[in-house]
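The values are calculated or read from the model by the stated rules, or taken from the named source; none is laboratory data. Predicted model, so just to flag it, every value in this text is computed and none were measured. Virtual Cβ from ideal backbone geometry, glycine too; neighbours counted across all protein chains shown. For accessibility, only protein heavy atoms count, side chains too; no ligands or nucleic acids. Shrake-Rupley method; radii C 1.70, N 1.55, O 1.52, S 1.80 Å.
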Amino acid sequence: MERRVVVTGLGAVTPLGNDVKSTWENMIAGKNGIDFVTAFDISSFKAKLAGEIKGFDPALYMPKGDVRKTDLYAQYALAAAVQAVEDSKIEGTVEPDRMGVYIGSGIGGIHTLVAEHAKGMEKGWNRISPYFVPMMISNIASGTVAIRYNAQGPNIAVVTACATSTNSIGEAFRAVRHGYADAMIAGGSEAAINEICFGGFISCQALSQSEDKDRASIPFDKERGGFVMGEGGGVLVLEELERAKKRGAKIYAEVVGYACTNDAYHMTAPNPEAIASSRAIILASKEGGVVADEKLYINAHGTGTPLNDKTETAAIKKAFGENAYKLHVSSTKSMTGHMLGAAGAVEAIAAVKALEEGVIPPTINYRVKDDECDLDVTPNVAVRAPLEFALSTSLGFGGHNGCLAFRKYRD
């Protein structure tokens with residue numbers, strides 16, 4: 001028997017704010033969270049802008065002594081998880097073996113890797129920190145959150161590049177839907193704004209080289225030239241509907257569909273025919289009973305790269321035909337930058353909040369129309385609409401495609 005699954009908690013650390021409230025308020029206000037990099041000397045790099053986290057204090061979420069033993073990506077994950085669990089008020093209401101955690105990261109503890117490598121080169125390899133391995137590995141955020149909440153149920157750290165946290169949430173949805181858990185803490189995190197990651201993404205010609213923060217992350221705009229790297233974390237608490245109702249939980253939205261596919265085409269480029277990416281949208285929409293009309297919002301992957309945006313537009317058209325022109329679409333990466341492994345979770349939160357409040361966040365700094373990206377991308381200003389459904393899509397390196405479907409909660 002398939003069970004209904006609802007969202008009862010949200011948590012986020014983003015370039016727009018260190019919690020969901022400030023992030024969402026800044027999103028619908030169209031605030032730009034992108035600026036010049038401050039984490040390192042950017043002067044010799046071709047790309048100079050990023051969506052950095054500002055004023056984050058990990059000691060709010062963990063003992064000060066544990067901070068130095070934890071990579072930044074795991075700190076973001078724990079912060080978002082603590083917020084989501086506190087928001088849901090679920091702690092202590094679920095048997096330990098019925099609570100699970102699926103939190104992934106596209107890259108993991110890259111700051112730790114860089115720092116310990118430099119230490120080894122300078123001082124010798126016998127000086128490597130005993131915490132190096134657990135700080136670096138991509139599953140430790142999921143493990144850390146499980147320890148925090150004694151969550152002894154399913155625990156997986158998904159790594160599917162930019163689709164990571166969409167897949168994490170989708171697989172968590174399935175775990176609850178099919179009875180493997182009663183509640184799941186799910187999402188993703190990333191902290192990759194450093195020299196080696198910038199150098200790597202620049203070398204593969206993925207990053208925008210604009211030095212104008214208002215013309216750098218410009219999804220669906222004809223003058224787009226690459227993505228802007230962001231960082232942070234996003235986590236949702238998913239719960240079986242009847243137990244959520246029984247304990248009086250606040251229900252943000254219902255999760256009704258999920259699909260993941262692979263292009264099987266190229267290491268970094270999407271298949272321009274949008275065969276598999278459109279199928280992910282079709283399958284998630286079919287499972288969720290999604291109606292393609294003006295009451296549907298799609299939070300698009302919308303990276304601002306030349307290939308992604310036109311391919312994603314094609315995927316939406318393949319999925320919905322002429323009805324694609326009725327839909328509300330936007331890319332919140334125009335404000336946060338591309339948060340990599342955290343992107344799907346933060347964008348799922350945006351989709352859920354859009355359903356809850358009937359407000360579609362804009363694609364900011366949109367100026368020049370591209371005929372290959374001709375859907376309604378909600379340019380520059382948020383729009384109010386009586387929404388019934390929302391989709392959140394992700395397309396990742398390696399050909400990974402994911403799509404989540406949410407419905408406005410009706411008892």
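Which residues, counting only those in the stretch 185-216, are outside any strand (DSSP E or B) and closer than 15 Å to residue 342 by Cβ? Give the derivation first.
Start the filter on the stretch 185-216 by keeping residues that are outside any strand (DSSP E or B), which leaves 191-206, 208-216.
Result: 191, 192, 193, 197.
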- prompt: Does the stretch 38-57 include one or more residues that are free of Cβ contacts under 8 Å to residues at least 40 places away in the same chain, surrounded by fewer than 24 Cβ atoms within 10 Å (Cβ to Cβ) and under 21 Å from residue 103 (Cα atoms)?
  reply: yes
task: Kindly list, by first and then second residue, each pair from a residue in the stretch 203-218 that is touching a residue at least 24 places away in the same chain (Cβ under 8 Å) to a residue that is surrounded by fewer than 19 Cβ atoms within 10 Å (Cβ to Cβ) and small (Gly, Ala, Ser), limited to pairs with Cβ atoms under 7 Å and residues at least 6 apart or on different chains.
output: 208/225; 209/225; 210/225
- request: Quick one: count up the residues across the stretch 362-385 that are within 11 Å of residue 328 (Cβ to Cβ) and either within 15 Å of the chain's Cα centre (by Cα) or not small (Gly, Ala, Ser) (or both).
  value: 8
- line: Within the stretch 86-118, the residues that are without any contact (Cβ under 8 Å) to a residue 60 or more places away in the chain, open to solvent by 60 Å² or more (accessible area, probe 1.4 Å) and over 22 Å from residue 188 (Cβ atoms) are 92, 97, 117
- request: Would you mind stating whether residue 376 is modelled with pLDDT of 95 or more, open to solvent by 10 Å² or more (accessible area, probe 1.4 Å) and not in a strand (DSSP E or B)?
  value: yes
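Take residue 395 and tell me if it is closer than 23 Å to residue 308 by Cα, touching a residue at least 60 places away in the same chain (Cβ under 8 Å), open to solvent by less than 10 Å² (accessible area, probe 1.4 Å) and under 17 Å from the mean Cα position of the chain (by Cα). Let's see the steps before the verdict.
Details: closer than 23 Å to residue 308 by Cα: yes; touching a residue at least 60 places away in the same chain (Cβ under 8 Å): yes; open to solvent by less than 10 Å² (accessible area, probe 1.4 Å): no; under 17 Å from the mean Cα position of the chain (by Cα): yes.
It is false that residue 395 is closer than 23 Å to residue 308 by Cα, touching a residue at least 60 places away in the same chain (Cβ under 8 Å), open to solvent by less than 10 Å² (accessible area, probe 1.4 Å) and under 17 Å from the mean Cα position of the chain (by Cα).
For the stretch 98-129, which residues satisfy the criterion of being over 27 Å from the mean Cα position of the chain (by Cα) and in a loop (DSSP other than H, G, I, E, B)?
Result: 124, 128, 129.
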query: Do you know which residues across the stretch 1-37 are part of a loop (DSSP other than H, G, I, E, B), in contact with a Lys or Arg (Cβ under 9 Å, 6 or more places away or on another chain) and surrounded by fewer than 24 Cβ atoms within 10 Å (Cβ to Cβ)?
result: 2, 3, 4, 18, 32, 37
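A quick yes/no check of all residues on (1) under 20 Å from the mean Cα position of the chain (by Cα); (2) within 21 Å of residue 160 (Cα to Cα):
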| residue | (1), (2) |
| --- | --- |
| 220 | yes, no |
| 225 | no, no |
| 233 | yes, yes |
| 253 | yes, no |
| 261 | yes, yes |
| 270 | yes, yes |
| 293 | no, no |
| 313 | yes, no |
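Which one is most open to solvent (accessible area, probe 1.4 Å) among residues in the stretch 130-151 that are β-branched (Val, Ile, Thr), assigned to a helix (DSSP H, G or I) and closer than 17 Å to residue 115 by Cβ? So that I can check it myself, show each step before the final result.
First pass over the stretch 130-151, keeping only residues β-branched (Val, Ile, Thr): 133, 137, 140, 144-145, 147.
Keeping just the survivors that are assigned to a helix (DSSP H, G or I) gives 133, 140, 144-145, 147.
Those still in the list that are closer than 17 Å to residue 115 by Cβ too: 133, 140.
On the way: 133: 80, 140: 45 Å².
This residue is 133.
Filter the stretch 40-97 down to residues that are among the aliphatic types (A, V, I, L, M), in a loop (DSSP other than H, G, I, E, B) and within 20 Å of residue 142 (Cα to Cα), then give me how many there are.
We begin by selecting, within the stretch 40-97, every residue among the aliphatic types (A, V, I, L, M); these are 42, 47, 49-50, 53, 59-60, 62, 67, 72, 74, 77-82, 84-85, 90, 94.
Retained after the next criterion (residues that are in a loop (DSSP other than H, G, I, E, B)): 42, 47, 53, 62, 90, 94.
Filter again for within 20 Å of residue 142 (Cα to Cα), leaving 62, 90, 94.
Count: 3.
Going by what's in this entry, would residue 273 be described as open to solvent by 10 Å² or more (accessible area, probe 1.4 Å) and closer than 21 Å to residue 385 by Cβ? Spell out how you get there, then give the answer.
Numbers: open to solvent by 10 Å² or more (accessible area, probe 1.4 Å): yes; closer than 21 Å to residue 385 by Cβ: no.
Answer is no for this residue.
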field: The lone exception for residue 22 - which of (1) more than 23 Å from residue 183 (Cα to Cα); (2) within 15 Å of the chain's Cα centre (by Cα) it fails
entry: (2)
